[in-house]
Structures are given as structure tokens and as C-alpha cells.
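Novice: Structure below; questions to follow.
A short reminder: the numbers here are calculations on the coordinates, not readings from a lab. Source: prediction; values computed, not measured. All Cβ positions, glycine included, derive from the backbone under ideal geometry; neighbour counts span all protein chains shown.
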Amino acid sequence: MANKTIIITGATDGIGLESATKIAALGNQVGLVGRNPDKGLKAINRIVSLTGNDKIDFFQSDLSLISEINKLSDEIKNKYSKIDVLLNNAGGANKNKTITSEGLEKTFATNQMNYFTLTMNLMEMLSESEESRIINVASNAHIGASIDFDNINAEKGYSFWKAYCISKLMNIMFTYRLSEIQDKVTVNALHPGFVDTNIGGNEGSLIKRFVKFGSKLFARTVENGADSSIYLSTSDEVKNISGKYFFKCKPIKSSKASYDKDQWEQVWHLCESFKEKLSQ
């Protein structure tokens, strides 16, 4: 796939930046989404320098807030006449329980509500494209996770790792549910592997040490971690593939819990209700 318009969230460093660079190198128009405009400018300069492709834009947004995602969606719609691919890559984990200004636990807000809200906001544009795709970056951290729908905001106690794992399980359930009702757009999820990225952000050394330990243990580079994101965004081999979970550019099985269709519906309606409430 070339000459496509591709939106990538969390695109100013790590897997997102690597994906954006390789996708831009194929001649695509790429919209980068990130929180920091300085990092956005550096990312654009890096991509243009490495690829010679100057069809790169940056959109600033705090993806933990529905109001910001709605604003971002409008900016994207005003900028482009079409969208061919949405790569939901942005994510994070918070050392301490944090409630956003909109009243949501921040890991859930950033990792799942972000994916749901941006996807649904851009669905009409995606559906109008001849061959469009949605890719959700999840993780094998979802394995073993279970969702307590009475504890979405961590009222019963908070664990940063548990919150992260649950959000990744939700990503996969959302992917499967959306693929069943969407016949104009393919929808797939992926596990990038354990990669040393900025997932912990500025949330403290504990998370960063944990991620660094895991990345050394499983030894995946950022370049390798981006392989499935790039493949699912651009390869003709997957143009008709939907509702799958990928690792190393191959479909694999996700956890048994992730195939629970009743919970797919619960996740969907939960996200739908929060989106509606916080978009008023």
C-alpha cells in the first residue's frame, strides 16, 4: 500500500515513530498524533530526513481525555479528504492511581477509551475508503487478565500492572467485536513483543525498570516491535483479513478470556456509555 493516508497515535517515539518512518518510506501521507509538539516537530524532521517524504503532519492531543480526542477527530477530518488506515498505538501505564479531569482511571482512559473513541469518530471516513484498516496495538500482557466491571475506576484498589493488562484485554475484545459488525473496514490487533519503549512515560522508575527488565529478557528491538504494525498497515497479504491477533506478522491465538462474547458486549457498551456521557 502506497499513497494512502495513515493516522498513527503515539507516533513521536518508540514503536509508533518506527512504524511512522517505515510507512512514510513507502510514499504514504502520515498523520502523527502525540502530546508534545516539540517531539512532534523532531519526529517530522527525522522522518523527512530519512525518507524524503514530506507528506507528514502532526496533531497534538492528550488521548486520556475524550474532549481532546473529539477535538483531534475534527482536526483530522478537516485536514484530510480520506483516511485509509488508523493505527491505534498510543498507550501507557501509571505508577499510581490517577483519575483524569473527566473522572476516568487514566490507564483505562488512555489505553481503551482512546482506541474506542478515536476509532468510532473516524469510522465514517474510514468506511468511505476503498480499502481501509484499523490496527490496535495490544499486548500478550492481557493473558491471565480478567475484567471486574464493578472496578473500572479502581475503587477497590489499584495495581499499575493489573490495570495495564486489563486495558490490553479490552483492546483485543474491542477488536473482535468491531470486526464482527464492520464489513467495510478490516480490524486487527497485535502483540509487539516486550520492547523497551517509553510506556511508563514520566510515571516513575518502577515501571521503567520493569519494562527494561522485560525487554532485555525477551530481546525485541523497537524495529522488530514495529514489524506487525507496519505489516498490518501496508501489506496486500492482509487486505481481506479481519478479527485476528498478530505477533511477528502472523496470526496467533489470544487468551481464552478474550473470546468471551458476552464480555465483548460489556466492554463495548461500557465504552459507548462513557463516550456519550463525556462528549456532551
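Novice: Determine ³J(HN,Hα), in whole Hz, for all residues of the stretch 13-29 in sequence, where each value follows from phi through the Karplus function 6.51 cos²θ - 1.76 cosθ + 1.60 and θ = phi - 60°; x replaces Gly and Pro.
Specialist: 7, x, 4, x, 5, 4, 4, 4, 5, 5, 5, 5, 4, 8, x, 7, 7
Novice: For R35, R133, which order do you get if you count the other beta carbons within 10 Å of each Cβ and list the fewest first?
Specialist: By the 10 Å Cβ count, ascending, the order reads R35, R133.
Novice: For Cα pairs less than 8 Å apart in space and 6+ apart in sequence, what is the mean separation divided by the residue count of the chain, i.e. the relative contact order in percent?
Specialist: Numbers: 545 pairs, mean separation 54.6, N = 280.
Over the chain, the number comes to 19 percent.
Novice: Of the options A2, G31, T21, report the single residue whose Cα projects farthest towards the positive end of the charge dipole of the chain (beta-carbon charges: Lys, Arg +1; Asp, Glu -1).
Specialist: Result: T21.
Novice: Residue by residue through the stretch 84-98, what is 3J(HN,Hα) from phi via Karplus (6.51 cos²θ - 1.76 cosθ + 1.60, θ = phi - 60°)? Round to whole Hz and write x for glycine and proline.
Specialist: Each residue of the stretch 84-98 in turn: 9, 9, 10, 9, 7, 10, 5, x, x, 9, 10, 4, 10, 4, 10 Hz.
Novice: Go ahead and set up a Gaussian network model of the chain, Cα springs under 10 Å, then flag whichever of L104, L41, L63 fluctuates most.
Specialist: Among L104, L41, L63, the largest mean-square fluctuation in the Gaussian network model of the chain belongs to L41.
Novice: Further question on the same structure: In whole Hz, what ³J(HN,Hα) sequence does the stretch 107-122 give by Karplus (6.51, -1.76, 1.60; θ = phi - 60°), x for Gly and Pro?
Specialist: 5, 4, 5, 6, 8, 10, 4, 4, 4, 4, 5, 5, 4, 5, 5, 9
Novice: May I pose another question? Round to a whole angstrom and tell me the spacing of the C-alpha centers of the stretch 57-93 and the stretch 106-129.
Specialist: Each part reduced to its Cα centre gives a spacing of 8 Å.
Novice: Most fluctuating residue of N188, N111, N28 in a GNM of the chain with Cα springs under 10 Å: which is it?
Specialist: Result: N28 has the largest fluctuation of those listed.
Novice: Here's another thing I want to ask about it. Between S64, S159, S242, where does the largest GNM mean-square fluctuation fall for the chain, given springs only between Cα atoms within less than 10 Å?
Specialist: It is S159.
Novice: Only bridges whose two residues both fall in the chain count here: according to DSSP, what percent of them are antiparallel, nearest 5?
Specialist: DSSP beta bridges in the chain are roughly 15 percent antiparallel.
Novice: Rounded to two decimals, what is the ratio between the C-alpha radius of gyration of the chain and 2.2 N^0.38 Å?
Specialist: Values: Rg = 17.2 Å, N = 280, 2.2 N^0.38 = 18.7 Å.
Cα Rg divided by the expected 2.2 N^0.38 Å: 0.92.
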